Amino acid sequence: MERIRRAWHRWLAGEERAAPGLGDLLLSRYPGAVMLLDEKGVVLEVNPDFERHAGHAPSQILGRRAVTLDAAPLHGGFALALEHCLTTRQPWRGVLLCRRADGALRHQTTMIQLLSEPPSDTLRLLVIQYDVTGMRERELHDRQLLARLGDTISHLPGVVFRMRQDAAGRPELLYASEGLMALTALTPAQAMDDTERLLGLILEEDRRWLEMTLAQSLVSLDDCQLEIRLDLPDGVRWVEARARPQRRRDGSTLWDGLLIDVTERKEEEFKVRRLVSTDILTGAMNRRAFFEQVAMVQARALRHGQALPLAMLDLDHFKALNDTHGHAAGDLALEAFAATCRECLRPYDLFARIGGEEFAVLLVDTAPDEAWAIFERLREAVEEIDLEVDGTIIHFTVSLGLAILAPDGSLDGTLGDADRALYRAKHEGRNRVCGPVDLEPAGAGGNGT
């Protein structure tokens, strides 16, 4: 466009009117409309290809104000652009909506430049236009698509995100949809400005799992999927994260993915798991769940070389209690016994009903030489239970057989050891703890009931 402006200057100065030159070629070949206006905006000259690009014959526009081309001649942008040039003596560049002679509207990228005509330095205005309707329509179409996409994403039941990890392993959140606010109470802008603020919501154990999963995905470039917990003011929430990686030339990796709140689903899973793994009457684990949990605890104990105290427990004279007071009283006794055990044990100790009136306990993170005192306190607590049934106070006791599960030992074998120790406790008078001789303190035993 600058070359067109210089050509007009030379044309006005008479340098190229005698014979066709570069200016004439530029004006004739320019793929757009070119106009020369006086200071009132009246069209004085147009380029040879004006009609094809502007949609008006030269006879329709010469001698008329150029604002006639505007889609809104009285209040459109053309008049404002001309006024800007005349007032500020500065060029104007922008896009104007113009109307062709057939009524069609076209977007014209426009440059307006002030010129002075020698020898009197009369002001002239050079207007150069190029039809960008196709590009403009595509731009508007793309904007509409982006707006609809953004609206759709904002209504998704989750968070769409893009995360980057540079070659040094530093994570950066590049994009997060509006759903992040509902999930974490952080706005997307806050999370993108400070990625660590978002990552800091993840529980420490799950943060390590996330880092390991991303490291594996970074190497294999496989999709990654995991469930993590967020520690939020209203409680812990479960989030499922799914992402697809792509390697960049600068050595960084991008993950495009989705975060979905799965707290309700996890709670339902836990309920189902409790129903499947819990004895309905006592609330203790059932046999299958006990074996599964012991295997997990033993795997961790093996890494640290720790032995685990394990005991078998059996209510004394339970059949006689049922026969004398009825099965309803027996059920109440089992419920009271289980509640007492939970009070005496820690939340992470494993307590299970193996069958009938037989129970099992595995003490977690407890040294074998500390186990005897714990089970003695439990035995005493059971002995002190006052169970009222139809106006009658019932007392009952428990016998315990203690064994030690080695880090690499067999659970079945250790349960066998505990069962034999339990048999010994029954044989020696019941209401007592029996176990390995090296753990049994002097004078150990119960009341001999």
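What is the residue count in the range 293-322 for residues that are charged (D, E, K, R) and either at pLDDT 90 or above or touching a strand residue (DSSP E or B) at 6+ places or on another chain (Cβ under 6 Å) (or both)? Can you show your working first?
To start, the set of residues in the range 293-322 that are charged (D, E, K, R) comprises 300, 303, 314, 316, 319.
Still in the running and either at pLDDT 90 or above or touching a strand residue (DSSP E or B) at 6+ places or on another chain (Cβ under 6 Å) (or both): 314, 316, 319.
Of the residues in that region, 3 qualify.
What do you reckon, is residue 75 modelled with pLDDT under 90 and not aromatic (Phe, Trp, Tyr)? Give the derivation first.
Working: modelled with pLDDT under 90: yes; not aromatic (Phe, Trp, Tyr): yes.
It is true that residue 75 is modelled with pLDDT under 90 and not aromatic (Phe, Trp, Tyr).
How many of the residues in the range 266-321 are under 25 Å from residue 337 (Cα atoms) and touching a residue at least 24 places away in the same chain (Cβ under 8 Å)?
Total satisfying the criteria: 26.
When only residues in the range 247-298 that are among the small types (Gly, Ala, Ser) and closer than 30 Å to residue 214 by Cβ count, which is surrounded by the most Cβ atoms within 10 Å (Cβ to Cβ)?
Going residue by residue through the range 247-298, those that are among the small types (Gly, Ala, Ser) are 251-252, 257, 277, 283-284, 289, 295.
When the remaining residues are screened for being closer than 30 Å to residue 214 by Cβ, the result is 251-252, 257, 295.
Working: 251: 10, 252: 16, 257: 19, 295: 10.
In this case the residue turns out to be 257.
Within the range 214-238, how many residues are free of Cβ contacts under 8 Å to residues at least 24 places away in the same chain and in contact with a helix residue (DSSP H, G or I) (Cβ under 6 Å, 6 or more places away or on another chain)? If you could, list the steps in order and put the result at the bottom.
Initial filter on the range 214-238 (free of Cβ contacts under 8 Å to residues at least 24 places away in the same chain): 215-216, 219-220, 222-223, 225-226, 234-235.
Still in the list and also in contact with a helix residue (DSSP H, G or I) (Cβ under 6 Å, 6 or more places away or on another chain): 226.
So the answer is 1.
Which residue out of 156, 198, 125 is out of contact with any Gly (no Cβ under 8 Å at 6 or more places or on another chain) and of a type in the set (A, V, I, L, M)?
Details: 156 fails: out of contact with any Gly (no Cβ under 8 Å at 6 or more places or on another chain); 125 fails: out of contact with any Gly (no Cβ under 8 Å at 6 or more places or on another chain).
When all the criteria are applied, what remains is 198.
Could you check residue 427 against (1) in contact (Cβ under 8 Å) with a residue 12 or more places away in the chain; (2) loosely packed, with under 14 Cβ neighbours inside 10 Å and say which number it fails?
Result: residue 427 fails condition (1) only.
Would you point out which residue out of 204, 211 is without any contact (Cβ under 8 Å) to a residue 60 or more places away in the chain, more than 19 Å from residue 237 (Cβ to Cβ) and surrounded by fewer than 16 Cβ atoms within 10 Å (Cβ to Cβ)? If you could, list the steps in order and put the result at the bottom.
On the way: 204 fails: more than 19 Å from residue 237 (Cβ to Cβ).
Just a single option satisfies the conditions, and that option is 211.
The values are calculated or read from the model by the stated rules, or taken from the named source; none is laboratory data. The model shown is predicted, which means the values in this text are computed figures rather than measured ones. Every residue, glycine as well, gets a Cβ built from its backbone with ideal geometry; the counts of neighbours run over all protein chains shown.
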